[in-house]
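Asks: Before anything else, here's the structure in question.
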Amino acid sequence: MLEAVITNRELAARYGWRPQTERANRIKGQTPPYLKVGNRILYRVADILEWESARHFTSTADERVRRASA
């Protein structure tokens, strides 16, 4: 069974980033895990949803506590 994937340009559009921003963030490790197939960068939708879930906060205090414990 094939997994749902999106391209790096589609990920950039999802977050309102320019393609250059997606590339810079990927280089810095600030994107979901990705696949490189030939020259193409692909993101698994399941990885994106998991990555987003890990960044879900209810308040700025919650964010600080999670960062301090990491």
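Asks: For the subset of the stretch 1-36 comprising residues that are surrounded by fewer than 10 Cβ atoms within 10 Å (Cβ to Cβ) and modelled with pLDDT under 95, which member is nearest to Arg55 (Cα to Cα)?
Replies: Leu2
Asks: Just need a number here: residues in the stretch 37-57 that are of a type in the set (D, E, K, R) and open to solvent by less than 60 Å² (accessible area, probe 1.4 Å). Walk me through it before giving the result.
Replies: Step one: list which residues in the stretch 37-57 are of a type in the set (D, E, K, R), which gives 40, 44, 47, 50, 52, 55.
Right, trim to open to solvent by less than 60 Å² (accessible area, probe 1.4 Å) and you get 47, 52.
Total meeting the criteria: 2.
Asks: Then there's this: May I ask you to verify whether Arg40 is modelled with pLDDT of 95 or more and out of contact with any helix residue (DSSP H, G or I) (no Cβ under 7 Å at 6 or more places or on another chain)? Quick ask: steps written out before the conclusion?
Replies: Details: modelled with pLDDT of 95 or more: yes; out of contact with any helix residue (DSSP H, G or I) (no Cβ under 7 Å at 6 or more places or on another chain): yes.
Yes: the conditions hold for Arg40.
Asks: Condition test on Ala70, is it at pLDDT below 95 and open to solvent by less than 50 Å² (accessible area, probe 1.4 Å)?
Replies: No, not satisfied.
The values are calculated or read from the model by the stated rules, or taken from the named source; none is laboratory data. Note that the coordinates shown come from a computational prediction; the quantities given were computed from them, not determined experimentally. No Cβ is skipped: glycine too gets one built from the backbone with ideal geometry, and neighbour counts run over all protein chains shown. Heavy atoms of the whole protein, side chains included, go into the accessibility calculation; ligands, DNA and RNA do not. Shrake-Rupley method; radii C 1.70, N 1.55, O 1.52, S 1.80 Å.
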